[in-house]
Amino acid sequence: MAHVIALHLAQGSLFQCIQASKSWHAAFIPHLWRTFTEDGRQTTSWGALVAAIHTRRRHPEGLEWFKDVYRRHAKYIRHLTFHMPTILDACLEDAFEPLSPPLAEDSRTGPSGAGARIGAEAVAVPIATIAGRSLITNLESLTINVSPQNLEMYFPELFSRMQSRVFSFGGGAFGGGGFGAAAANNNITTTYDNTTTTNPIGVMPEVTGAGTADPERPFIEACLRLILNNPGLQTLYCVNNSRVFRGLQEIVQSAAGGEDGGTGRNSCSGSGSALRSLKILTIMSEDGLIPVLPPSVTNLTLIRNFGMWLDSKPGVPGPVHEGLEVLETSAESAAHIVALLNQAPSLKTLSIKGFGSRGYGFGGSQEAHAPVSNGFAWPLASQITVLKCWQSRGGSFVNVPAFERFFRCFPMLVEYHDDIWLPAVGAQLAEHCPFLEVISVPQKPNPNNRYPLRRLGVPVPDSVSLLLSSLSRLRVLDLSRENIKAKKILETPWVCLDLEEFCCQIVEVPYLTEEEERQVQEIRQREEAGAIGSVHQHRADKEEELMGLYQRCVYTRKHIMAQLSKLTSLKHLSLSPDLKIGNELFEFRHGATRCYKSERDGRIYIRYNDVLPDTLHLRLDTGLDQLSSLEKLEYLGFESMDHRMDTAEVEWMAKQFPRLKDMRGLVTEGHVGIEPDLKNDALVALMRRLRPEVAQRQSFGGYGAGSQTGGGLFGGFGQPVGAVESRS
């Protein structure tokens, strides 16, 4: 290649190109390798790494190429995620030396071959006395995600021998696979320190040796060596490999014993200092409680084990962790949460991902499945300021009895996040959490609900007005699918005047039908003409009643606008989300009733019926000009709302909202089968001409499960694609 380039470049130019390439490589490669994530696709049958592993006996250069690349760039890696043991084999000194037979040796080596050496050398050293050099020493975060299948793929000889032995003694198909799992033979229990106990039912003498009883141990030791050789490690994720964390626990306990003057058999010098920087840890929970942790851990995530039972250790309290500040876990019962709160007295952020796997929700214990009683002894977790909950699973709501009583534990709560809003929770927040600043429940429509749209005349629950009139420190209110009754706004003023984000629907505003609006227009024109001609005409009783309704409509809308105008710190204002979502739109039995033929062009369109008349009007004659005080406004959303805007309102917004960046409500063209609105298109074009930097978007959230269930009227249309900009 060099001699070909030399034909077109002078000798000096070629030299300069080579030097520039080296300089570029030296400057760019460290940044490129700072975060190395082993692509999950590489661990599939189509991956190049898997192909190199499978063919390493015939073509060892393929796998050696990967190892060479890892070795040359190991010093640059700060954030590492791997799915195969290859990088450990390459960057750790003699990591799997006892497990790696010569490439020329046949995999069926007998007792005199490599297989015999495994039992003698694989686990000759205690787990906590691990030593050895590592090329990776600057890690800040580490994710160990090696599945048992990938480990077996990397060491097929070792696992094939173990599998044959387990099968020969009546073991299951999954043998000794799975990190942290016992042997498949129910008569044999292999402990972590490689000692085995047998039941009287059967005996397995071949497994009593230290080597072949634990084929995963060298991999665990390699992972622990990698952790101990990176004193700056701050984040560790090892869910699929729970035995790695058990080894880490042994090191922590040995280090604690050494510091206390103990002389444990597994004490190791320097291991305590190597774990002092670890702050964030994600592990698998075996009993639902917090296990022994390195003392420096402040952020813990417990992934729920399918076999987790809180009562697996009845009467045995878990260890107390004074330094733990953030905990993410799932809740099995009220007693479970109480146990976790007692283990972490300094906890500040609690995230609960899922409730009640056994169907009785938040109440009782394993013996008594009754809901939580009013007299349940909730601890006072006054230090917790952030609470995050996930109450839905797979789009369906999980009923959690007595969940609202849980909030009396948090008198100092500042932030509450959830995906399902319960009115009873709102009442508890207003009563027990006076310092609340953030309520964020951006709940998505339930795909199992076939009629998610609100209907006129149906009673509307209002659990938001109490929050607005009680929580004076509230800054963020994200309840986009909840409703505020206009009547409540007239009766009770808001006290949260520092709101920066307001996402909620204001409904039940008095309105006029099209016929009533026409009659009001005629009455006003008649009275204006009579005033000019000095001819006074008395109104009929029905006309008087109609004009009274009209004045009440205008007064209510102006009063609501006046209330919104007091929120001078407002940056995000959403008065209505996009409600063009629902299963019934794209089902055969409902689709025909939704279709109509347009009189304008004769085409067939879909009638969404998401815009109801009892909403605010963004018009100057109904108080829009009062919003001129919202000088910090950056986002304005009024989708699925009867906004009634015209040219004058668009020109006013373009002038009065100097920081506006995003407007959603005029654009509707991205929705499936919707008829074009020429008036809205003209308003979009006007705003684009006056304020080209303001994005005209629509929140295209999808159309329920019509395309997911296969019963959709329009096939694959309506898939969620995020925000959609209008055509220019």
Taking every other residue with Cβ under 13 Å from the Cβ of Val146 and scoring Lys and Arg +1, Asp and Glu -1, one gets -3
Apply the Karplus curve 6.51 cos²θ - 1.76 cosθ + 1.60, θ = phi - 60°, to the phi angles in the stretch 150-156 and return the couplings in whole Hz, x for Gly and Pro.
5, 5, 5, 5, 6, 10, x
Would you kindly state how much longer the chain becomes between Val460 and Gln149 on full extension, computed as 0.36 nm times their sequence separation minus their alpha carbon distance, in nm to one decimal?
106.6 nm
Under the Karplus curve 6.51 cos²θ - 1.76 cosθ + 1.60, θ = phi - 60°, whole-Hz ³J(HN,Hα) for the stretch 657-665, x wherever Gly or Pro sits:
10, x, 9, 5, 10, 9, 10, 10, x
Non-local residues with an amide H under 5 Å from the amide H of Leu142, with H modelled 1.01 Å from N and Pro and chain starts lacking one, are Leu80, Thr235, Leu236, Tyr237
Given 0.36 nm per residue, what is the gain on full extension from Glu631 to Ile604 after removing their alpha carbon distance, in nm?
5.4 nm
Amide hydrogen neighbours beyond the local backbone of Leu612, cut-off 5 Å, H modeled:
Asp642
Amide H within-cut-off set for Ile303, under 5 Å, with H built and near neighbours excluded:
Ile283, Met284, Ser285
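Highest first, please rank the peptides 481-494, 234-247 by the mean number of other Cβ atoms sitting within 10 Å of their residues. Kindly include the intermediate steps, with their values, before the conclusion.
Numbers: 481-494: 17.4, 234-247: 21.1.
In descending order of packing, they fall as 234-247, 481-494.
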Under 19 Å from the Cα of Lys655 - lysines, other chains or at least 8 residues apart:
Lys571, Lys632
Taking the highest mean first, how do the peptides 670-678, 620-628, 594-602 order by number of other beta carbon atoms within 10 angstrom per residue?
620-628, 670-678, 594-602
Contour excess over end-to-end distance, with Cα ends at His59 and His559 and 0.36 nm allotted per residue
172.1 nm
Output wanted: per-residue J couplings in Hz (rounded whole) for the stretch 418-427, from phi through Karplus 6.51 cos²θ - 1.76 cosθ + 1.60, θ = phi - 60°, x for Gly and Pro.
7, 10, 10, 9, 10, x, 5, 5, x, 5
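A short reminder: the numbers here are calculations on the coordinates, not readings from a lab. All values reported here derive from a predicted model rather than from experimental measurement. Positions of Cβ are backbone-derived with ideal geometry, glycine not excepted, and every protein chain shown enters the neighbour counts.
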